[in-house]
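This report refers to the structure that appears directly beneath it.
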Amino acid sequence: MTTPQRLAILGSTGSIGRSTLSVVALHPDQFRVAVLGANSSWQVIVEQARQFHVDTVVLADPEAAALARTALRECGSTSRVCSGPKALAEAVAADNVDVEMAAIVGAAGLSSTLAAVRAGKRVLLANKEALVMAGRILMDEVRHAGAELIPIDSEHNAIFQCMPAGYLPGDTARGVVRVILTASGGPFRCADAGTLANVTPDQACAHPKWKMGRKISVDSATLMNKGLEVIEATLLFGLPESQVDVIVHPQSVVHSLVEYADGSMLAQLGAPDMRTPIAQALAWPERISSGVQSLNLAEIGQLAFEPPDHARFPSLGLARAAARAGGTAPAVLNAANEVAVQAFLDRRLNFTAITTVIDEVLQRLDSSPVKALGDVLDADAAARRMAVALIEPGSGAFA
Ligand code: NAD
Ligand code: MG
């Protein structure tokens with residue numbers, strides 16, 4: 001019997017975190033959960049810690065951590081509870097961890113993802129925002145530390161599966177001329193442009209094919225998710241933005257494609273269920289069961305493809321421009337998007353204004369070169385300040 005892989009699952013209480021634990025639960029001999037991390041959902045993480053007998057629980061929020069500590073002590077658990085962002089980074093880099101599932105949402109995941117990479121771990125990357133922000137720095141650290149980065153995002157995981165044998169993200173993709181990311185089109189694929197300003201957060205989060213956290217659901221509705229994914233693909237697969245295409249595919253069955261110099265196009269298909277890419281990444285280069293139902297192609301009948309509508313969904317164009325500008329532009333794009341999406345979810349900003357805010361922030365903050373992580377963090381902070389100021393009631397910028 002081989003020794004089990006020891007996992008740190010950060011963002012364990014979220015959609016990806018919970019799907020990861022459900023795959024892990026199917027293979028108790030192959031995986032052991034050493035670390036669980038999240039923001040503040042202490043009741044959920046206490047249950048997870050008890051079920052998986054973990055060594056360490058980390059909650060970013062100190063009050064939630066104190067409640068988790070008491071609850072775990074009362075039920076006789078020996079799990080250690082820590083708190084704060086620094087503790088998240090320390091826990092993933094520790095010796096009792098082989099693999100990190102990086103599933104914290106947003107820029108909050110950057111420091112722990114970077115810490116796992118620097119410690120030379122295998123990192124299963126769901127937290128696309130960390131890569132969009134600090135792309136070159138993160139990819140350089142992967143090479144330096146001999147870490148392995150395996151994409152969890154379904155499109156990038158599909159592309160990874162269609163790459164030549166032995167390929168790992170960060171390598172040059174031999175013979176590849178183009179990758180094509182599929183997009184479901186989100187809940188407003190067929191909506192009239194005039195109705196978009198008045199959609200509610202619940203409507204935006206009602207994704208037709210995927211059940212996800214609220215931030216990425218809004219990103220899918222604006223198509224910014226696909227924009228972030230274009231940038232993610234340029235970094236993972238070493239391709240310019242012009243070689244990363246996007247096609248809308250409402251059935252969400254073809255998860256992405258790779259085109260080779262000889263005209264071959266390879267695609268990965270499967271049910272729209274994140275347990276498949278999670279299981280692929282956990283077991284790589286082997287295969288394990290994921291609990292996902294087999295795809296019934298006859299039942300699906302037809303697969304459709306159409307180009308994205310840039311007029312109704314300008315986010316994709318903004319992300320492509322940021323990818324071309326390089327430097328701090330992707331970090332600025334990401335930060336402005338995070339602030340605007342939160343404001344929309346809090347009902348302080350309307351749906352179409354999300355993109356307007358991002359556009360405005362990108363225009364006002366010129367891209368500058370990234371020499372060190374500090375440059376990225378400064379750009380992130382400046383973009384957040386500017387987006388907050390634009391959204392503030394009374395700023396007059398947006399209703
Ligand atoms: P989610 O909102 O369901 O979960 C987010 C997790 O992050 C929670 O566990 C939360 O506690 C944790 N978190 C938030 N802020 C934190 C902080 N400051 N410190 C520590 N932990 C914090 O989100 P999700 O849908 O699971 O998405 C997670 C990541 O995976 C995102 O980057 C998303 O873009 C990416 N992703 C998700 C899906 C999907 O199907 N859900 C698909 C592809 C990529
Ligand atoms: Mg995706």
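The values are calculated or read from the model by the stated rules, or taken from the named source; none is laboratory data. Computed from a predicted model, the values in this text were never measured in an experiment. Backbone-built Cβ (ideal geometry, glycine too); neighbour counts: all protein chains shown. The area values use the complete protein model at the heavy-atom level, side chains included, leaving out ligands, DNA and RNA. Shrake-Rupley method; radii C 1.70, N 1.55, O 1.52, S 1.80 Å.
Before moving on, here are some points about what is shown:
- The average projected area of region 326-399, computed from the convex hull of its Cα atoms over all directions, is 4.4 nm².
- The convex hull of the Cα atoms of region 5-152, projected and averaged over all directions, covers 7.7 nm².
- Accessible area, probe 1.4 Å, largest first, for residues ILE137, ILE278: ILE137, ILE278
- Size descriptors for the chain: radius of gyration and Dmax over Cα atoms are 20.5, 65 Å.
- Average accessible area per residue (Å²) across region 226-313 - probe 1.4 Å, nucleic acids and ligands excluded: 45 Å²
- Percent carbon-and-sulfur accessible area, region 153-310, ignoring ligands, DNA and RNA, probe 1.4 Å: 51 percent
- Region 291-337, Rg to Rh (Cα coordinates; Rh as Kirkwood inverse mean 1/r): 1.26
- Of all DSSP beta bridges confined to the chain, the antiparallel ones make up roughly 25%.
- Full extension of the segment from ALA25 to ARG312, taken as 0.36 nm per residue of separation minus the current Cα-Cα distance, would add 99.1 nm.
- With N the number of residues in region 153-310, Rg(Cα) / (2.2 N^0.38 Å) evaluates to 1.06.
- In region 153-310, the DSSP beta bridges split such that about 65 percent are antiparallel, to the nearest 5.
- With contacts taken as Cα pairs under 8 Å at a separation of at least 6 residues, region 79-164 carries a relative contact order of 25 percent.
- To put it simply, the accessible area of region 326-399 at a 1.4 Å probe is 51 percent carbon and sulfur.
- Accessible carbon and sulfur surface of region 5-152 relative to its total accessible area, %, 1.4 Å: 50 percent
- Volume per residue of the convex hull around the Cα atoms, evaluated for region 72-152, comes out as 95 Å³.
- Taking all protein chains together and rolling a 1.4 Å probe, THR3 ends up with roughly 120 Å² accessible.
- Peptides 161-168, 350-357 ordered by packing proxy, namely the average of other Cβ atoms within 10 Å per residue, highest first: 350-357, 161-168.
- Region 326-399 - accessible surface per residue (Å², probe 1.4 Å): 46 Å²
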